[in-house]
Structure formats: C-alpha cells, structure tokens
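Trainee: Here it is: the structure, laid out below.
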Amino acid sequence: MPPIVLDPPNNGATYGNSYYFVPTNAHANHPLTLVAQWKITVTTAQNNGGSLVTQTNWSNTPIGTCLLSNLPANNGFYYTQIVYQPPTGGTFVSNSNKFRSQR
C-alpha cells in the first residue's frame with residue numbers, strides 16, 4: 001500500500017503558516033511499499049494536481065513527521081499527498097487529503 005498522510009486528516013485543518021505533517025508508509029494487511037525517496041506536497045487540486053502551494057525537499061530517510069512552512073493560512077481548501085520514488089524507479093503520488101489551511 002502506498003504511503004499516506006495521517007495528519008492533517010482528510011477534511012481536517014492546519015493552523016498558521018507552518019504545520020507538522022504526519023505521513024506514514026501504511027501497509028496494514030498489504031505488502032509494504034518500498035520507498036527510496038519521498039516528499040510531501042500541498043497543491044490546489046487532488047493527486048498533486050493544480051498549482052503547487054508548498055513542498056518539502058526530497059528525503060531518503062524513512063517516512064516520518066516533518067514541518068511544512070509557507071502554508072497560505074487563508075481559510076482556503078488544499079490537498080496534501082506524498083510524492084515518492086521506489087528503488088525500482090518511477091515517481092508515484094499517494095492519495096490526497098483535503099484540508100483547510102486556517103489562520
């Protein structure tokens with residue numbers, strides 16, 4: 001199963017211009033997705049679509065909590081997802097969480 005963002009949850013909210021996003025490499029009853037590199041993106045449309053609002057740098061460490069800055073904090077709705085690359089190559093995008101970037 002591909003990585004997912006747990007916090008902010010779908011239909012959740014962030015507060016202020018910076019927020020700690022909590023992604024995980026979810027697998028439960030599914031095989032673990034091997035990830036060589038990953039980053040979190042915030043966009044204006046689902047599945048890394050629309051305009052890019054902010055993102056982290058690529059990381060090759062295990063997926064974990066990270067701070068995202070430059071959030072709009074304008075009470076608008078945005079989407080967050082994990083963009084990742086497995087060791088075998090290619091770039092993939094996790095499912096998106098819709099959230100409100102609040103003041």
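The values are calculated or read from the model by the stated rules, or taken from the named source; none is laboratory data. Keep in mind the model is a prediction, meaning the values are calculated, not measured. Please note that ligands, DNA and RNA were not included when accessible areas were found on the heavy atoms of the full protein model with its side chains. Shrake-Rupley method; radii C 1.70, N 1.55, O 1.52, S 1.80 Å.
Trainee: For the chain, modelled as a GNM with alpha-carbon contacts under 10 angstrom, which of GLY90, GLY64, GLY16 fluctuates the most?
Mentor: Checking each option, the largest mean-square fluctuation is seen for GLY90.
Trainee: Mind sorting out which of (1) -0.60, -0.94; (2) -0.54, -0.86; (3) -0.63, -0.84 is the real log10 I(q)/I(0) by the Debye sum over Cα atoms at q = 0.15, 0.19 Å⁻¹ computed from the coordinates?
Mentor: The value computed from this structure is option (2).
Trainee: Counting only protein chains, not ligands or nucleic acids, how are TYR15, TYR79 ordered by accessible area (probe 1.4 Å), most first?
Mentor: TYR15, TYR79
Trainee: Rounded to whole Hz and in sequence order, give me ³J(HN,Hα) for the stretch 62-78 from the Karplus expression 6.51 cos²θ - 1.76 cosθ + 1.60, θ = phi - 60°, writing x for Gly and Pro.
Mentor: x, 4, x, 4, 8, 8, 10, 10, 6, 6, x, 6, 10, 6, x, 9, 9
Trainee: Which whole-number percent is the relative contact order of the stretch 1-102 (Cα, under 8 Å, 6+ apart)? Walk me through the intermediate numbers first.
Mentor: Working: 270 pairs, mean separation 37.4, N = 102.
Taking the mean separation of contacting Cα pairs over the length of the stretch 1-102, I get 37 percent.
Trainee: Take the solvent-accessible surface of the protein heavy atoms, probe 1.4 Å, and return the percent of it on the chain that carbon and sulfur atoms account for.
Mentor: 49 percent
Trainee: Go through LYS98, LYS39 and list them by solvent-accessible area, largest first, probe radius 1.4 Å. Don't skip to the end; give the middle numbers.
Mentor: Details: LYS98 75, LYS39 30 Å².
Ranked list, largest accessible area first: LYS98, LYS39.
Trainee: If you don't mind, there's one more thing I want to ask. Roll a 1.4 Å probe over the protein chains and send me the accessible area per residue for the chain in Å².
Mentor: Computed with neighbouring chains in place, this is 54 Å² per residue.
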